[in-house]
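The values are calculated or read from the model by the stated rules, or taken from the named source; none is laboratory data. Note that the coordinates shown come from a computational prediction; the quantities given were computed from them, not determined experimentally. Here the Cβ positions follow ideal geometry from the backbone for every residue, glycine too, while neighbour counts run over all protein chains shown. Surface accessibility is based on the protein's heavy atoms, side chains included, excluding ligands, DNA and RNA. Shrake-Rupley method; radii C 1.70, N 1.55, O 1.52, S 1.80 Å.
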Amino acid sequence: MFKRRPSEDNTSSWLTTYSDTVTLLLCFFVLLFASSTISEQKWRQIVESFTMRGFSPDPGYVESSEEIPLDPPEISPNDKLYTTIKDYIENHHLSSRVVLLKGENTVTLRFRDTILFDPDSTVLREDGKAILGNICDILKNSIDLIEMIHIEGHTAANPKGKPQFTNTFEFSTRRAVNVLKYALNEKNIDVKKLSAVGYGQYHPIGDNETEEGRSINRRVEIVVTSCDKMETG
């Protein structure tokens, strides 16, 4: 029997595979060489291209999910003044005796009935001076935030006892002026930022037909008008 002679094609197949491998290696080294000689300008263009598409050339880059904090909003003079006075009132448990009201550019302190004065009297009480003094200190320390400090006196239609002043305008004005004098003489608040007025019985906030309503109407209010914006030195 004759042995079959292997064909020429089978014996040369490994040469084809080898030549393909050599060609691939050559291409690989050409690419390596090309990347090693790329210009700095070209590299920057490639980096910018990837960056614009949301990729990073840095393999260690991790995109943060945290938002970049923005500058906190500027606190208005009125808000700052209101917060300062509110903290004092709450810390000294005066909420039942001093009502704090906030307007668009005003802060109003409403002193109820006998906190500053005895009934039918225009003389400041000693314990009332202590409270008023602390409030004046706050206002003086915040004077750059303040445009004007209006002191308003109010009384009731039917005052108790035998009042010294039968004219309620005169009575309420005297109380307001005495508060102003204390702020000016004892606490040296700028006189240009102080004013006083008496409204008598004609701006009630309670019912003058009841004792409870009249008690609410007897009051002194300090209305602080804030500057539109912070003053800079």
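For Asp190, the accessible surface of its heavy atoms amounts to roughly 70 Å² (probe 1.4 Å, protein chains only, rounded to the nearest 10).
A simple packing score, the average count of other Cβ atoms within 10 Å per residue, orders the peptides 205-214, 82-91 as 82-91, 205-214, with the highest score first.
Remark: spin-label model distance Lys86-Leu101 equals 1.7 nm, labels positioned 7 Å along the Cα→Cβ axis. Gain on full extension, evaluated as 0.36 nm per residue between Asn134 and His203 minus their Cα-Cα distance, stands at 22.1 nm.
Residue ranking by accessible heavy-atom surface, 1.4 Å probe, largest first, among Val191, Val197 comes out as Val191, Val197. Compared with the alpha-carbon gap, the fully stretched path from Val177 to Asp79 is longer by 32.5 nm at 0.36 nm per residue.
Cross-link pairs exceeding 19 Å between alpha carbons, from the set Lys129/Lys181; Lys80/Lys140; Lys102/Lys181; Lys129/Lys187; Lys140/Lys181: Lys102/Lys181.
Were the residues from Lys187 through Asp144 laid out at 0.36 nm apart, the gain over their Cα-Cα distance would be 13.9 nm.
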